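Take a look at the structure set out below.
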Amino acid sequence: MRVAAVQFKARKSDLASSRAALVSLAAEAAEGADLVVLPEMAATGYIFASAAEVAEVAEAPEGPTFQALSAVAARCGAWIVAGFPERAGSRLYNSALVIDPTGALASVYRKRLLFEADEHWATPGDSGYQRFETAAGAFGVGICMDLNDDRFLWWCARARLDAVAFPTNWLEQGVDVARYWALRMMGQQAALVAANTYGSEGEVAFAGRSCVLAGRTLLAMAPMEGDGVIRARLRTSRAG
């Protein structure tokens, strides 16, 4: 399975420009990839003072971010997983689009274990954990704090995944994030495809270092700063 992760910092002052830059990197990543992962709330940034602020940038699942990434998925024949703030009636969710290689919306995954920065606006996810079959292998989706949820890891182990698509906005806390993520994934068959942001939003700093981890083996890693694409090839029981 050929995987790619996009590291990206959203341009909150100009969301149209932010989305365009994200889509451009997604298109670069999707060339020759089976699965592409973008960060949590990838085009909008993560830190918002109120639910009203999030509501201003939230989208329905088939909104403009999906429309732009759908075209990339269909053109390149890749699965794309991208975090976004979802509007569903009166509720807001921290969610991820799952787009199939035809450009169709395969599913929306809603983050189950919220972080403190989500709690004042997001509803805990009710989508359930989901397994997606591809010609190259099977993957599931978890968003950021989900990796700290034993319920999620229990499900991953039993779902027999080849990869976990992991959109995140992991904070910089002075620790080796890859080592911590590897610790959480210990004993899992699946590789972790982590797409993170970097830099800061107000007083909150993010870790960068998007990576692909298979067990304790670091297959690819981005630096602490900067937009970019990392790639790796995972061994699975299927071709590709």
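The values are calculated or read from the model by the stated rules, or taken from the named source; none is laboratory data. What you see is a predicted model; the values in this text were computed from it and never measured. Cβ placement follows ideal geometry from the backbone for every residue including glycine, while neighbour counts extend to all protein chains displayed.
Can you confirm whether segment 231-240 contains a residue that is more than 30 Å from Arg11 (Cβ to Cβ), surrounded by 15 or more Cβ atoms within 10 Å (Cβ to Cβ) and of a type in the set (Val, Ile, Thr)? Yes, some residue in segment 231-240 is more than 30 Å from Arg11 (Cβ to Cβ), surrounded by 15 or more Cβ atoms within 10 Å (Cβ to Cβ) and of a type in the set (Val, Ile, Thr).
For segment 61-75, the set of residues classified as under 16 Å from Leu25 (Cβ atoms) and surrounded by 21 or more Cβ atoms within 10 Å (Cβ to Cβ) consists of Thr65, Leu69, Val72, Ala73, listed by residue number. List, please: which pairs have Cβ atoms under 8 Å, are six or more places apart or on different chains, and start with a residue in segment 144-159 that is more than 19 Å from Ser95 (Cβ to Cβ) and end with one that is surrounded by 13 or more Cβ atoms within 10 Å (Cβ to Cβ) and small (Gly, Ala, Ser)? Here the result reads Ala159/Ala138; Ala159/Gly140, each pair linking segment 144-159 to a residue that is surrounded by 13 or more Cβ atoms within 10 Å (Cβ to Cβ) and small (Gly, Ala, Ser). When Val229 is tested against (1) assigned to a strand (DSSP E or B); (2) more than 25 Å from Ala78 (Cα to Cα); (3) among the β-branched types (Val, Ile, Thr), just one condition goes unmet, and that condition is (2).
Can you work out which of the residues in segment 1-58 that are farther than 20 Å from Val229 by Cα and polar (S, T, N, Q) is modelled with the highest pLDDT? Only one residue tops the list, namely Ser50.
Conditions (1) within 24 Å of Ala122 (Cα to Cα); (2) out of contact with any Lys or Arg (no Cβ under 6 Å at 6 or more places or on another chain); (3) at pLDDT 95 or above, marked per residue:
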{"position": "Val141", "(1), (2), (3)": "yes, yes, yes"}
{"position": "Trp170", "(1), (2), (3)": "yes, yes, yes"}
{"position": "Val177", "(1), (2), (3)": "no, no, yes"}
{"position": "Met185", "(1), (2), (3)": "no, yes, yes"}
{"position": "Glu201", "(1), (2), (3)": "yes, yes, yes"}
{"position": "Val204", "(1), (2), (3)": "yes, yes, yes"}
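Give the residues of segment 173-199 that are in a loop (DSSP other than H, G, I, E, B) and within 18 Å of Phe115 (Cβ to Cβ), sorted by residue number. Gln173, Gly174, Val175, Asn196, Thr197, listed by residue number.
Scanning segment 47-60 finds one or more residues that are surrounded by fewer than 17 Cβ atoms within 10 Å (Cβ to Cβ), touching a residue at least 24 places away in the same chain (Cβ under 8 Å) and within 17 Å of the chain's Cα centre (by Cα). Got a number for residues in segment 45-70 being of a type in the set (A, V, I, L, M, F, W, C) and touching a helix residue (DSSP H, G or I) at 6+ places or on another chain (Cβ under 7 Å)? The number of residues fulfilling the criteria is 4. Of all the residues in segment 28-44, those that are surrounded by 22 or more Cβ atoms within 10 Å (Cβ to Cβ) and touching a helix residue (DSSP H, G or I) at 6+ places or on another chain (Cβ under 8 Å) number 8. Close contacts from segment 73-99, counting a first residue that is more than 18 Å from Arg131 (Cβ to Cβ) and at pLDDT 95 or above and a second that is in a strand (DSSP E or B) and acidic (Asp, Glu), with Cβ to Cβ under 8 Å and a gap of 6+ residues or different chains, come to Phe84/Glu59; Pro85/Glu59; Glu86/Glu59; Arg87/Glu59; Leu92/Glu86; Tyr93/Glu86; Asn94/Glu86. For Trp121, only one of the following conditions fails: (1) crowded, with 16+ Cβ neighbours inside 10 Å; (2) without any contact (Cβ under 8 Å) to a residue 60 or more places away in the chain; (3) over 15 Å from the mean Cα position of the chain (by Cα). What is its number? Every condition holds for Trp121 apart from (2). Selection of segment 200-226 for residues being part of a strand (DSSP E or B), surrounded by 17 or more Cβ atoms within 10 Å (Cβ to Cβ) and in contact (Cβ under 8 Å) with a residue 24 or more places away in the chain yields Glu201, Phe206, Ala207, Cys211, Val212, Leu213, Leu219, Ala220, Met221.
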